[in-house]
Amino acid sequence: MSGPLVVHAVMVAGILFALGLTGLLARRNLLFMLMSVEVMLNAAGLGFIAAGARWGAPDGQVMFLFILTLAAAEVPVALALVLQVHRRFHTLDADAVTLMEG
Amino acid sequence: MMDFFFYVAASVAISSTVLFVIAPNAVHALLNLILSFLAIAVIFLLLGAPFAAALEVIIYAGAVMVLFVFVIMMLQVGPKSVEQERRWIGIRIWWVPVGLAMLLLAEVGTLIATGAVTAESGPRRVGPEEVGLVLLSRYLLAVELASLLLLPGILGAYYLGRRRREDP
C-alpha cells in the first residue's frame, strides 16, 4: 500500500530495539535496565503497528495492546523488586545482587 | 509532506533514545525516555493508528513513567535530595528535550490545522472501532489471558512492595 514509509518504520523499530539492548547490556543500574526493557517493548510495538499499517489491518494494533498490557503488568512487579533490592542492599547496582553466585 | 513529518518524528525518537542511553542520571534519562515515547506516538499517528497513539501517550508516557518517577523519588528521600533536585532541573539540562518536544508539538499542531492526519498516499487509517471488533472477536482468548496476567501482577507488586517486620 505504502512501501517506503512502512519499511522505514520497521527500520526505526530495529534501531530503537538495538539502542534498548545496548542500554540493557551497558548499564548496571537496575532502574536503567528496566527502562531499557521498556524501550525494547516499545520498539516491538512499533514493529507490529508498522506491519499492521502495511496491510491496513487492525491486528497490529491488537498486538500492540497486548504488549501494553504486558508492560503494565511487568513494571509494578519489577519496580517492587527494585525497591526490595534497594532496601536490603542499599544500592541499585545489579552486580551487588549476586548472592546466588549464578 | 507526510513522509517529512515521519522522518522528523523518527529522528526525534532515535535521538532522544540515544540521549536516554548515555544519560548519567536517572531523572534525565527518564525525561528523554518520555520524549522518545511521545515521538513514537506521533509515528503511530502517521502510520494510521490513532488509537495506539493515544494509548501510547496515556499509558506509556503517562502511567508507566509516573511509576518510574515515584520509585526514583522514593529511593532518595532526605534533606540533601532537595539540593540535588534543584541542581537536576537546571535550564541547561532541559533545553534539548524541550526543544525536541516543541518540534513534535509543532508537527502535531500542523497535522491538526491542516486536517490531514494521514495522506491518501499514506497507510489506511484504522480507527478504534475496527480494533475493538477484532480484539473482542478473534482475540477474545488472548484478552482473557491478559486479565489472567494482570491479576498476578497486582498481587505480586503488593506482596513484593510491602515492608516486612524484620526490615530496618
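The values are calculated or read from the model by the stated rules, or taken from the named source; none is laboratory data. Note that the coordinates shown come from a computational prediction; the quantities given were computed from them, not determined experimentally. As a convention, Cβ positions derive from the backbone with ideal geometry for all residues, glycine included, and neighbour counts pool all protein chains shown. Note: accessible area is taken over every heavy atom of the protein model, side chains too, but ligands, DNA and RNA are not part of it. Shrake-Rupley method; radii C 1.70, N 1.55, O 1.52, S 1.80 Å.
Below, the figures for the structure above:
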read-out: Test item: Cα-centred dipole of chain A, Lys/Arg +1 and Asp/Glu -1 on Cβ, debye; value: 120
read-out: B:Y139 - accessible surface, heavy atoms, 1.4 Å probe, Å² rounded to 10; value: 40
read-out: Percent accessible area from carbon and sulfur atoms, chain A, protein chains only, probe 1.4 Å; value: 73
read-out: Calculated SAXS-style log₁₀ I(q)/I(0) at q = 0.19, 0.21, 0.26, 0.28 Å⁻¹ - the stretch B:127-168, Debye, Cα scatterers; value: -0.67, -0.73, -0.85, -0.89
read-out: Of every Cα-Cα pair in the stretch A:43-102, the percent that sits beyond 13 Å; value: 69
read-out: Interface burial for A against B (accessible surface, 1.4 Å probe, total of both chains, Å², rounded to 100); value: 5300
read-out: Hydrodynamic radius by Kirkwood, which averages 1/r over all alpha carbon pairs of chain A, in angstrom; value: 15.2
read-out: Accessible-area ranking of B:L105, B:L46, largest first, probe 1.4 Å; value: B:L105, B:L46
read-out: Stokes-Einstein D (µm²/s) once Rh is taken as the Kirkwood radius of the protein assembly as shown over alpha-carbon pairs, at 37 °C in 0.692 mPa s; value: 167
read-out: For A:F89, solvent-accessible area (1.4 Å; no DNA, RNA or ligand), Å²; value: 70
read-out: For the stretch A:1-52: accessible area per residue (Å², 1.4 Å); value: 37
